[in-house]
Amino acid sequence: MDILAEAAVNGSLSTVGYGLAAIGPGIGVGLVIGKTIEGTARQPEMAGQLRGLMFIGIALIEALALIGIATPFFLP
């Protein structure tokens, strides 16, 4: 039986764990975007630099979510 199908049938703890782990990056992305908008509103001339830093920050935050989704496949 497939790991994901088994987790759905048995209610595996890893399924619940990933659901909880996805909350962190979701909140992080929201904070990063909100602060970028706030910074752009305060200093519009910095919009380009802030946007670049925002995309780098979002990429790093989303890497955590990808690690969280891949981890159950490598653990016994």
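The values are calculated or read from the model by the stated rules, or taken from the named source; none is laboratory data. Treat the numbers as computed from the prediction; the structure is a model and nothing was measured. Neighbour counts are summed over all protein chains in view; Cβ atoms, including those assigned to glycine, are modelled from backbone coordinates with ideal geometry. To get the accessible areas, we keep the full protein, side chains included, count just its heavy atoms, and leave off ligands, DNA and RNA. Shrake-Rupley method; radii C 1.70, N 1.55, O 1.52, S 1.80 Å.
Here are a few things to note about the model shown:
- In segment 35-73, the residues that are acidic (D, E) and in contact with a helix residue (DSSP H, G or I) (Cβ under 7 Å, 6 or more places away or on another chain): E62
- The condition of being at pLDDT below 85, open to solvent by 40 Å² or more (accessible area, probe 1.4 Å), polar (S, T, N, Q) and part of a helix (DSSP H, G or I) holds for only one of T15, T40, that being T15.
- Of all residues in segment 44-76, exactly one satisfies the criterion of being open to solvent by less than 100 Å² (accessible area, probe 1.4 Å) and of a type in the set (D, E), namely E62.
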